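J.: Okay, here's the structure, questions in a sec.
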Amino acid sequence: VTVVKCGGAVPAEPVCADLAGLAGRVVLVHGGAVEVDRLAGDLGVRARTLVSPSGVTSRHTDPAMLDVVTLALAGRVKPRLLRALAAADVPAVGLTGLDGGLLRARRKTAQRTVRDGRTVIVRDDHSGRLTGVRPRPLRVLLDAGFVPVVSPPALGEDGTPVNVDADRVAAAVAAALGAERLVLLTTAPGVLRDAADEGTVLDRCALDPAGPVPYAATGGMHRKLIASREALLAGVPRVSVADGRVPRPVTAALDGAGTTLE
Ligand code: ADP
């Protein structure tokens, strides 16, 4: 089994068409931060950011934003992928983490955030960390020849939906399925030595099991390296970050394009 994660800014059609020969052996995981922000704007829901005391930023998923995240991923991004898969004659079924008990998570009930120069506690954030994957619904679909299309949110231990990082969902799903490959498709040719220069893509990138991830990666790429390391430590033998903007992005990545994490 191969797990492919597709960033929200990656064009859907080439990725979906490229999965035609892999039905029954591939799981597609997606996020969609761009579409979440767009829908929040359409609905007039304020997008806010949490800033940890150490400077790490994340989306403030208050109850209104949790609805927007769920609507954007399940109602806009996922149907777009399912339409592109149908157009390429690929049998596919969309799921969120709530379907079949697929993804479980623990919500952060109290978080320190810096606001106007002061550290305050936020208690209404509905994001959190994955605590478990139940691979059975995926196995049933794979055995029947479908491509499962998976996205956040997960089901929280308190019974409410919890927003989780899609790269880490892909890593956890790959580990739970015993996948041979995890491919993170994004809007960069791979992990770059210099984030500002697309000519500096690394063929291989070593991740220290306990130490910090490489300094050059910020924002989304930093999260991808964390997710990659989680997958490697959980026994996924081959993990790569590759370009989702090329004509046959999955085939190219499986043939070695992009950066192999080790
Ligand atoms: P996605 O939406 O595809 O999951 P993100 O936009 O969250 O991806 O993260 C990918 C982005 O990370 C790239 O488009 C790039 O702008 C940025 N980035 C930062 N540092 C690096 C790096 N060292 N190598 C590659 N990309 C980097």
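The values are calculated or read from the model by the stated rules, or taken from the named source; none is laboratory data. Treat the numbers as computed from the prediction; the structure is a model and nothing was measured. In this analysis, Cβ positions are derived from the backbone assuming ideal geometry, glycine residues included, and neighbour counts consider all displayed protein chains. The accessibility values were calculated without ligands, DNA or RNA, using every heavy atom of the protein model including side chains. Shrake-Rupley method; radii C 1.70, N 1.55, O 1.52, S 1.80 Å.
J.: Sort out which residues of region 5-54 are part of a helix (DSSP H, G or I) and in contact with a strand residue (DSSP E or B) (Cβ under 7 Å, 6 or more places away or on another chain), and write them in order of number. Walk me through it before giving the result.
T.: Step one: of region 5-54, the residues part of a helix (DSSP H, G or I) are 12-18, 20-22, 33-43.
Val15, Leu22 - these are the residues of region 5-54 that are part of a helix (DSSP H, G or I) and in contact with a strand residue (DSSP E or B) (Cβ under 7 Å, 6 or more places away or on another chain).
J.: Here are the criteria: (1) open to solvent by 50 Å² or more (accessible area, probe 1.4 Å); (2) within 12 Å of the ligand (Cβ to nearest atom); (3) at pLDDT 95 or above. Tell me which single one Asp203 does not satisfy.
T.: (2)
J.: Which one of these is within 15 Å of the ligand (Cβ to nearest atom), modelled with pLDDT of 95 or more and open to solvent by less than 70 Å² (accessible area, probe 1.4 Å): Val246, Val236? I'd like the intermediate steps shown before the answer.
T.: Working: Val236 fails: within 15 Å of the ligand (Cβ to nearest atom).
Residue meeting the stated conditions: Val246.
J.: Among the residues of region 146-156, is any at pLDDT below 95 and farther than 18 Å from Ala253 by Cβ? Quick ask: steps written out before the conclusion?
T.: Quick first cut of region 146-156, residues at pLDDT below 95 only: none.
Checking region 146-156: not a single residue is at pLDDT below 95 and farther than 18 Å from Ala253 by Cβ.
J.: Could I ask something else about it? Spot the failing condition for Leu155; the list is (1) closer than 13 Å to Leu261 by Cα; (2) under 18 Å from the mean Cα position of the chain (by Cα); (3) hydrophobic (A, V, I, L, M, F, W, C), and only one is missed.
T.: If we test Leu155 against (1) closer than 13 Å to Leu261 by Cα; (2) under 18 Å from the mean Cα position of the chain (by Cα); (3) hydrophobic (A, V, I, L, M, F, W, C), just (1) comes out false.
J.: Specify which of the listed residues (Ala170, Ala188) is closer than 25 Å to Val150 by Cβ, more than 8 Å from the ligand (Cβ to nearest atom), in contact with a strand residue (DSSP E or B) (Cβ under 8 Å, 6 or more places away or on another chain) and not aromatic (Phe, Trp, Tyr).
T.: Working: Ala188 fails: more than 8 Å from the ligand (Cβ to nearest atom).
Exactly one of Ala170, Ala188 is closer than 25 Å to Val150 by Cβ, more than 8 Å from the ligand (Cβ to nearest atom), in contact with a strand residue (DSSP E or B) (Cβ under 8 Å, 6 or more places away or on another chain) and not aromatic (Phe, Trp, Tyr), namely Ala170.
J.: Please determine whether any residue of region 30-46 is within 22 Å of Arg136 (Cα to Cα) and in contact (Cβ under 8 Å) with a residue 40 or more places away in the chain.
T.: Yes, that holds for at least one residue.
J.: Can you work out which of the residues in region 20-53 that are under 21 Å from the mean Cα position of the chain (by Cα) and basic (Lys, Arg) is nearest to Arg118 (Cα to Cα)?
T.: Here the answer is Arg48.
J.: Still on this structure, I have one more. Which count do you get for residues in region 56-93 that are modelled with pLDDT of 95 or more, closer than 27 Å to His222 by Cα and touching a Leu at 6+ places or on another chain (Cβ under 7 Å)?
T.: Qualifying residue count for the region: 6.
J.: Could you tell me whether Ala64 is outside any helix (DSSP H, G or I) and not acidic (Asp, Glu)? Walk me through how you get there before you give the answer.
T.: Details: outside any helix (DSSP H, G or I): no; not acidic (Asp, Glu): yes.
In short, no.
J.: Continuing with the same structure: Could you check region 198-247 and list, in sequence order, the residues that are under 20 Å from Gly7 (Cβ atoms), in a loop (DSSP other than H, G, I, E, B) and not aliphatic (A, V, I, L, M)?
T.: Pro214, Thr218, Gly244, Arg245, Pro247
J.: Can you tell me which of Val150, Val173, Val183, Val133 is more than 16 Å from Val4 (Cα to Cα) and β-branched (Val, Ile, Thr)?
T.: On the way: Val150 fails: more than 16 Å from Val4 (Cα to Cα); Val173 fails: more than 16 Å from Val4 (Cα to Cα); Val183 fails: more than 16 Å from Val4 (Cα to Cα).
Just one listed residue meets the conditions, Val133.
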